[in-house]
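Enquirer: Below is a structure I'd like to ask you about.
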Amino acid sequence: MILFIRNPEKGKVKTRLAKGVGEEKALRIYQALLEHTRRQALAVRARRLLFYADYINRGDAWKEADFEKHLQEGEDLGARMQHSFEVALRQARSALIVGSDIAQLSARIIEDAFRQLQTHDFVVGPAKDGGYYLLGMKAPTPTLFQGIEWSTTTVFAETIAIIEGMGKTCALAPELSDIDYAEDWERYGWRV
């Protein structure tokens, strides 16, 4: 299992959310989402690879006994994800990446996605904003990360089109919402 996180620093995380709630609260919300993601990941029996955006934090809550720590590498999100899958699939038959800002993410969704990879080439978890929060595969597939305009409403559709164009099978995880705006956060009623 691959997890991408931003180093939780004021002014550098959830910038769209911060426009509605302020940088301090956006940071607290992101920290709550990270804690939720960490707990869900720990509940899944899998090798866990944690990729930091800016620097590896050896002393944070993500203990090295539970998470293999790496730094994201690549010019854009696609290149960084491609690199992470190459690292993960060197030692595993399948791998999936999950987002760190999904309040509805559960260990069961992650486990179900791994099960889907037993009978499908790919699994994708669509996000309500047109992207995806989860992507799984059995072999590095660079074409899934090329020519896509990241953080747009067409990412999921483009990804599915690439998979179908290769003649591969794809299972879908439940559609979930990521937390980008104040109203996204307010929907869950968590206190921070």
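Read the figures in this text as sums done on the coordinates, not as results from a lab. Note that this is a predicted model, so its numbers are computed, not measured. Because the Cβ atoms are built from the backbone with ideal geometry, glycine has one as well, and the counts that use them run over all protein chains shown.
Enquirer: Let's see if you can work this out: charge +1 on each Lys and Arg Cβ, -1 on each Asp and Glu Cβ, no other charges. What is the dipole magnitude of the stretch 60-120 about its Cα centre, in debye to the nearest 20? If you can, show how the numbers build up before the last one.
Expert: Numbers: 7 positive and 11 negative charges, 63 e Å.
That gives a dipole near 300 debye.
Enquirer: Which residue fluctuates most in the GNM of the chain (Cα springs below 10 Å): V155, V21, V123?
Expert: V21
Enquirer: While we're looking at this one, here's another question. Treat the count of other C-beta atoms within 10 Å as a stand-in for reagent exposure and order M137, M166, M81 from fewest to most. Before the final figure, lay out the partial values.
Expert: Values: M137 23, M166 14, M81 20.
In increasing order of surrounding Cβ atoms, one gets M166, M81, M137.
Enquirer: Taking amide H atoms as placed 1.01 Å from N in the peptide plane, list the residues 5 or more away in sequence, or in a different chain, whose amide H sits under 5 Å from that of Y133.
Expert: G125, A127
Enquirer: Can you compute the FRET efficiency between D66 and Y188 using 1/(1 + (r/R0)^6), with r the Cβ-Cβ distance and R0 = 41 Å? Round to the nearest 0.05. Show your work: numbers first, answer last.
Expert: On the way: r = 25 Å, r/R0 = 0.61.
It comes out at approximately 0.95.
Enquirer: If you count the DSSP beta bridges with both ends in the chain, what percent of them are antiparallel, to the nearest 5? Spell out each step's value before the answer.
Expert: Working: 9 of 23 bridges.
Antiparallel bridges make up about 40 percent of those DSSP assigns within the chain.
Enquirer: Related question: Among the aspartates and glutamates, which have Cα under 18 Å from the Cα of K10 when same-chain residues fewer than 8 positions away are ignored?
Expert: By straight Cα distance, K10 reaches E23, E24, E35, D54, D60, D101, D180.
Enquirer: List the residues of the stretch 9-37 whose backbone N lies under 12 Å from a point placed 7 Å from the Cα of D54 along the Cα-to-Cβ direction.
Expert: Hits in the stretch 9-37 for D54 at 12 Å: 9-14.
Enquirer: Another question, if that's okay. Residue by residue through the stretch 177-184, what is 3J(HN,Hα) from phi via Karplus (6.51 cos²θ - 1.76 cosθ + 1.60, θ = phi - 60°)? Round to whole Hz and write x for glycine and proline.
Expert: Residue by residue, the stretch 177-184 yields 10, 8, 9, 10, 10, 3, 5, 4 Hz.
Enquirer: Excluding residues fewer than 8 places away in the same chain, name every one of the aspartates and glutamates whose C-alpha is closer than 18 Å to that of K168.
Expert: Correct list for K168: D121, E158.
Enquirer: Now for a different question. When the chain is modelled as a GNM with alpha-carbon springs shorter than 10 Å, which of S151, S94, S106 fluctuates the most?
Expert: Highest fluctuation among the options: S151.
Enquirer: Residue by residue through the stretch 146-152, which ³J(HN,Hα) values in whole Hz follow from phi under the Karplus form 6.51 cos²θ - 1.76 cosθ + 1.60 (θ = phi - 60°), with glycine and proline marked x?
Expert: Once θ is set to phi - 60°, the couplings for the stretch 146-152 become 10, x, 9, 8, 5, 6, 10 Hz.
Enquirer: If the only charges are +1 at each Lys and Arg Cβ and -1 at each Asp and Glu Cβ, what is the size of the charge dipole of the chain around the Cα centre, to the nearest 20 debye?
Expert: Details: 26 positive and 27 negative charges, 140 e Å.
Dipole size: approximately 680 debye.
Enquirer: While we're looking at this one, here's another question. Near K12, which lysines are there with a Cα under 30 Å away, not counting those fewer than 8 places off in the same chain?
Expert: By straight Cα distance, K12 reaches K25, K63, K69, K128.
Enquirer: Can you give the direction-averaged projected area of the convex hull of the alpha-carbon atoms in the chain, in nm²? Numbers along the way, then the final one.
Expert: On the way: hull surface 40.6 nm².
So the Cα hull casts an average projection of 10.2 nm².
Enquirer: By average Cβ neighbour count within 10 Å, what is the ranking of 107-114, 69-76, 1-8 from highest down?
Expert: Descending mean neighbour count gives 1-8, 107-114, 69-76.
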